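The values are calculated or read from the model by the stated rules, or taken from the named source; none is laboratory data. These numbers come from a predicted model, not from an experiment. With ideal geometry, Cβ positions are generated from the backbone for all residues, glycine too; neighbour counts draw on all protein chains shown.
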Amino acid sequence: MIDAFVKAFAQLPDRRIRSVVILGLIAALVVYVLLAVGLAWALSSTAVVSLPWVDALVDVLGGVAVFVLSLLFFPALTTVVIGFFLEQVADAVEDRHYPGLPPNREQPLAEVLGTTVKFAAITVGLNLVALPLYLFLMLVPPMSLVLFYALNGYLLSREYFEVVALRRADPATVRTLRKRHMGRLWLVGAIITFLSTVPFVNIVAAVVGTAAMTHVATRLLRRHDLLPDTGAGLAGAGR
(Lines give C-alpha, C1' and ligand atoms only; values in the text may rest on other atoms or scores of the structure.)
Protein backbone atom coordinates (compact mmCIF):
# COMPACT_ATOMS: atom_id res chain seq x y z
CA MET A 1 0.00 0.00 0.00
CA ILE A 2 2.84 2.38 0.80
CA ASP A 3 4.23 1.71 -2.67
CA ALA A 4 0.98 3.13 -4.10
CA PHE A 5 1.75 6.48 -2.46
CA VAL A 6 5.41 6.29 -3.47
CA LYS A 7 4.36 5.83 -7.10
CA ALA A 8 1.78 8.62 -6.73
CA PHE A 9 4.37 11.14 -5.52
CA ALA A 10 6.83 9.96 -8.17
CA GLN A 11 4.30 10.70 -10.93
CA LEU A 12 3.63 14.30 -9.90
CA PRO A 13 5.92 15.59 -12.70
CA ASP A 14 3.68 13.82 -15.26
CA ARG A 15 2.44 16.49 -17.68
CA ARG A 16 -1.26 15.68 -17.26
CA ILE A 17 -1.05 15.49 -13.48
CA ARG A 18 1.11 18.59 -13.27
CA SER A 19 -1.42 20.53 -15.33
CA VAL A 20 -4.21 19.60 -12.89
CA VAL A 21 -2.14 20.83 -9.93
CA ILE A 22 -1.25 24.09 -11.69
CA LEU A 23 -4.87 24.69 -12.73
CA GLY A 24 -6.00 24.11 -9.16
CA LEU A 25 -3.40 26.50 -7.80
CA ILE A 26 -4.27 29.26 -10.29
CA ALA A 27 -8.02 28.98 -9.72
CA ALA A 28 -7.60 28.86 -5.95
CA LEU A 29 -5.26 31.86 -6.08
CA VAL A 30 -7.86 33.89 -7.99
CA VAL A 31 -10.57 32.97 -5.47
CA TYR A 32 -8.15 33.68 -2.60
CA VAL A 33 -7.33 37.18 -3.89
CA LEU A 34 -10.99 38.02 -4.54
CA LEU A 35 -11.96 36.78 -1.08
CA ALA A 36 -9.15 38.64 0.68
CA VAL A 37 -9.80 41.90 -1.22
CA GLY A 38 -13.56 41.67 -0.64
CA LEU A 39 -13.24 41.06 3.08
CA ALA A 40 -10.58 43.75 3.45
CA TRP A 41 -12.81 46.25 1.64
CA ALA A 42 -15.78 45.32 3.86
CA LEU A 43 -13.69 45.88 6.98
CA SER A 44 -12.23 49.18 5.80
CA SER A 45 -15.65 50.58 4.83
CA THR A 46 -17.28 49.70 8.14
CA ALA A 47 -16.91 51.98 11.14
CA VAL A 48 -17.10 50.08 14.42
CA VAL A 49 -16.99 53.11 16.70
CA SER A 50 -16.61 56.86 16.26
CA LEU A 51 -12.98 56.85 17.43
CA PRO A 52 -10.65 56.89 14.40
CA TRP A 53 -7.76 55.15 16.16
CA VAL A 54 -10.03 52.28 17.26
CA ASP A 55 -11.35 51.84 13.74
CA ALA A 56 -7.79 51.89 12.41
CA LEU A 57 -6.77 49.19 14.90
CA VAL A 58 -9.78 47.06 13.96
CA ASP A 59 -8.92 47.44 10.27
CA VAL A 60 -5.33 46.30 10.87
CA LEU A 61 -6.29 43.34 13.04
CA GLY A 62 -9.10 42.44 10.67
CA GLY A 63 -6.74 42.57 7.71
CA VAL A 64 -4.32 40.22 9.46
CA ALA A 65 -7.19 37.86 10.29
CA VAL A 66 -8.42 37.91 6.69
CA PHE A 67 -4.94 37.11 5.43
CA VAL A 68 -4.42 34.22 7.86
CA LEU A 69 -7.86 32.68 7.34
CA SER A 70 -7.61 32.97 3.56
CA LEU A 71 -4.18 31.36 3.69
CA LEU A 72 -5.47 28.48 5.80
CA PHE A 73 -8.33 27.83 3.38
CA PHE A 74 -6.14 28.10 0.29
CA PRO A 75 -5.40 24.32 0.23
CA ALA A 76 -9.13 23.60 0.57
CA LEU A 77 -9.90 25.85 -2.41
CA THR A 78 -7.17 24.14 -4.41
CA THR A 79 -8.53 20.70 -3.56
CA VAL A 80 -12.09 21.64 -4.51
CA VAL A 81 -10.94 22.87 -7.93
CA ILE A 82 -8.74 19.82 -8.45
CA GLY A 83 -11.70 17.62 -7.53
CA PHE A 84 -13.30 18.37 -10.89
CA PHE A 85 -10.27 16.96 -12.75
CA LEU A 86 -9.44 13.82 -10.77
CA GLU A 87 -10.48 11.51 -13.60
CA GLN A 88 -7.62 12.98 -15.64
CA VAL A 89 -5.25 12.00 -12.82
CA ALA A 90 -6.61 8.45 -12.72
CA ASP A 91 -6.29 8.18 -16.52
CA ALA A 92 -2.66 9.28 -16.35
CA VAL A 93 -1.87 6.67 -13.69
CA GLU A 94 -3.54 3.89 -15.67
CA ASP A 95 -1.82 4.87 -18.91
CA ARG A 96 1.59 4.82 -17.27
CA HIS A 97 1.33 1.86 -14.91
CA TYR A 98 -1.48 -0.30 -16.33
CA PRO A 99 -1.38 -0.05 -20.13
CA GLY A 100 -3.83 -2.11 -22.12
CA LEU A 101 -6.87 -1.73 -19.86
CA PRO A 102 -10.27 -1.66 -21.60
CA PRO A 103 -12.08 1.67 -22.05
CA ASN A 104 -13.66 3.27 -19.01
CA ARG A 105 -17.27 2.56 -18.16
CA GLU A 106 -19.73 5.16 -19.45
CA GLN A 107 -20.91 7.04 -16.35
CA PRO A 108 -24.28 8.85 -16.35
CA LEU A 109 -23.95 12.61 -15.96
CA ALA A 110 -25.93 12.56 -12.70
CA GLU A 111 -23.52 9.99 -11.26
CA VAL A 112 -20.47 12.05 -12.21
CA LEU A 113 -21.94 15.28 -10.83
CA GLY A 114 -23.10 13.56 -7.65
CA THR A 115 -19.68 12.08 -6.97
CA THR A 116 -17.92 15.38 -7.68
CA VAL A 117 -20.27 17.44 -5.48
CA LYS A 118 -19.95 14.94 -2.61
CA PHE A 119 -16.18 15.00 -2.95
CA ALA A 120 -16.11 18.81 -2.82
CA ALA A 121 -18.49 18.94 0.17
CA ILE A 122 -16.46 16.43 2.19
CA THR A 123 -13.23 18.22 1.30
CA VAL A 124 -14.57 21.55 2.56
CA GLY A 125 -15.98 19.90 5.66
CA LEU A 126 -12.65 18.21 6.40
CA ASN A 127 -10.81 21.51 6.18
CA LEU A 128 -13.38 23.23 8.39
CA VAL A 129 -12.79 20.56 11.02
CA ALA A 130 -9.01 20.71 10.56
CA LEU A 131 -8.87 24.48 11.09
CA PRO A 132 -9.56 24.48 14.86
CA LEU A 133 -7.77 21.15 15.16
CA TYR A 134 -4.43 22.85 14.59
CA LEU A 135 -5.04 24.85 17.77
CA PHE A 136 -6.87 22.33 19.94
CA LEU A 137 -4.45 19.44 19.45
CA MET A 138 -2.02 21.23 21.73
CA LEU A 139 -4.57 21.22 24.56
CA VAL A 140 -6.61 18.01 24.28
CA PRO A 141 -5.67 14.35 24.76
CA PRO A 142 -4.32 12.30 21.81
CA MET A 143 -7.68 10.54 21.51
CA SER A 144 -9.07 13.52 19.59
CA LEU A 145 -6.36 13.07 16.98
CA VAL A 146 -7.18 9.36 16.68
CA LEU A 147 -10.87 10.19 16.27
CA PHE A 148 -10.09 12.80 13.63
CA TYR A 149 -8.05 10.40 11.48
CA ALA A 150 -10.45 7.51 12.03
CA LEU A 151 -13.54 9.44 10.98
CA ASN A 152 -12.04 11.34 8.07
CA GLY A 153 -10.06 8.31 6.94
CA TYR A 154 -13.37 6.51 6.52
CA LEU A 155 -15.03 9.43 4.73
CA LEU A 156 -12.14 10.05 2.34
CA SER A 157 -11.66 6.34 1.63
CA ARG A 158 -15.27 6.16 0.45
CA GLU A 159 -15.08 9.24 -1.72
CA TYR A 160 -11.70 8.56 -3.34
CA PHE A 161 -12.55 4.92 -3.99
CA GLU A 162 -15.83 5.91 -5.62
CA VAL A 163 -14.14 8.58 -7.78
CA VAL A 164 -11.73 5.96 -9.12
CA ALA A 165 -13.72 2.70 -9.08
CA LEU A 166 -16.94 4.05 -10.63
CA ARG A 167 -14.94 4.62 -13.80
CA ARG A 168 -14.56 0.84 -14.04
CA ALA A 169 -17.53 -0.76 -12.24
CA ASP A 170 -21.20 -0.06 -11.57
CA PRO A 171 -22.29 1.51 -8.24
CA ALA A 172 -23.53 -1.81 -6.75
CA THR A 173 -20.20 -3.53 -7.45
CA VAL A 174 -18.25 -0.56 -6.07
CA ARG A 175 -20.27 -0.64 -2.83
CA THR A 176 -19.67 -4.38 -2.45
CA LEU A 177 -15.92 -4.00 -2.96
CA ARG A 178 -15.76 -1.05 -0.57
CA LYS A 179 -17.48 -3.00 2.20
CA ARG A 180 -15.39 -6.13 1.60
CA HIS A 181 -12.09 -4.23 1.74
CA MET A 182 -13.09 -1.54 4.22
CA GLY A 183 -9.98 -1.95 6.39
CA ARG A 184 -7.50 -1.52 3.56
CA LEU A 185 -9.40 1.38 2.04
CA TRP A 186 -9.73 3.06 5.43
CA LEU A 187 -5.94 2.97 5.81
CA VAL A 188 -5.56 4.65 2.42
CA GLY A 189 -8.11 7.27 3.49
CA ALA A 190 -6.27 7.85 6.78
CA ILE A 191 -3.02 8.48 4.91
CA ILE A 192 -4.80 10.93 2.60
CA THR A 193 -6.26 12.65 5.67
CA PHE A 194 -2.78 12.97 7.14
CA LEU A 195 -1.43 14.44 3.89
CA SER A 196 -4.35 16.90 3.91
CA THR A 197 -3.17 18.31 7.25
CA VAL A 198 0.51 18.74 6.33
CA PRO A 199 1.29 22.33 5.21
CA PHE A 200 2.26 22.63 1.51
CA VAL A 201 1.75 18.88 0.98
CA ASN A 202 -1.99 19.42 1.43
CA ILE A 203 -2.03 21.37 -1.83
CA VAL A 204 -1.35 18.17 -3.78
CA ALA A 205 -3.05 15.77 -1.35
CA ALA A 206 -6.09 15.29 -3.62
CA VAL A 207 -3.92 14.47 -6.63
CA VAL A 208 -1.63 12.13 -4.69
CA GLY A 209 -4.62 10.51 -3.00
CA THR A 210 -6.37 9.89 -6.32
CA ALA A 211 -3.22 8.46 -7.90
CA ALA A 212 -2.59 6.16 -4.91
CA MET A 213 -6.23 5.05 -4.80
CA THR A 214 -6.07 4.28 -8.53
CA HIS A 215 -3.29 1.78 -7.82
CA VAL A 216 -5.22 0.24 -4.92
CA ALA A 217 -8.55 0.10 -6.77
CA THR A 218 -6.99 -1.39 -9.91
CA ARG A 219 -5.42 -4.20 -7.88
CA LEU A 220 -8.71 -4.93 -6.11
CA LEU A 221 -10.64 -4.95 -9.39
CA ARG A 222 -8.10 -7.35 -10.86
CA ARG A 223 -8.27 -9.61 -7.82
CA HIS A 224 -12.02 -9.95 -8.34
CA ASP A 225 -11.62 -10.48 -12.10
CA LEU A 226 -13.32 -7.20 -12.90
CA LEU A 227 -10.27 -5.98 -14.85
CA PRO A 228 -7.82 -7.98 -16.96
CA ASP A 229 -4.27 -8.38 -15.66
CA THR A 230 -2.36 -6.62 -18.42
CA GLY A 231 0.83 -6.20 -16.42
CA ALA A 232 2.12 -3.06 -14.74
CA GLY A 233 4.30 -0.69 -16.70
CA LEU A 234 6.14 0.62 -13.64
CA ALA A 235 8.96 2.14 -15.64
CA GLY A 236 6.75 4.05 -18.04
CA ALA A 237 8.05 7.43 -19.09
CA GLY A 238 6.44 10.51 -17.61
CA ARG A 239 4.35 12.74 -19.78
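Annotations for the structure displayed:
- LEU135 meets all of the listed conditions (1) surrounded by 15 or more Cβ atoms within 10 Å (Cβ to Cβ); (2) assigned to a helix (DSSP H, G or I); (3) at pLDDT below 90 but one, namely (1).
- Close pairs from segment 16-32: first under 14 Å from ALA211 (Cα atoms), partner of a type outside the set (A, V, I, L, M) and assigned to a helix (DSSP H, G or I), Cβ under 7 Å, at least 6 apart: ARG16/GLN88; VAL20/PHE85; VAL20/GLN88
- Residues considered: ALA217, ALA206, ALA212, ALA232. Of these, the only one that is in contact with a helix residue (DSSP H, G or I) (Cβ under 6 Å, 6 or more places away or on another chain), part of a helix (DSSP H, G or I), at pLDDT below 90 and closer than 23 Å to ARG168 by Cα is ALA206.
For (1) crowded, with 18+ Cβ neighbours inside 10 Å; (2) modelled with pLDDT of 90 or more; (3) in contact with a Lys or Arg (Cβ under 6 Å, 6 or more places away or on another chain); (4) closer than 19 Å to VAL89 by Cα, each residue gets a yes or a no:
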site	(1), (2), (3), (4)
ARG158	yes, no, no, yes
ALA165	yes, yes, no, yes
THR176	no, yes, no, no
LYS179	no, yes, no, no
ARG184	no, yes, no, no
THR197	yes, no, no, no
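- Odd one out for ALA10, checked against (1) aliphatic (A, V, I, L, M); (2) buried (at least 17 other Cβ atoms within 10 Å of the Cβ); (3) modelled with pLDDT of 90 or more: (2)
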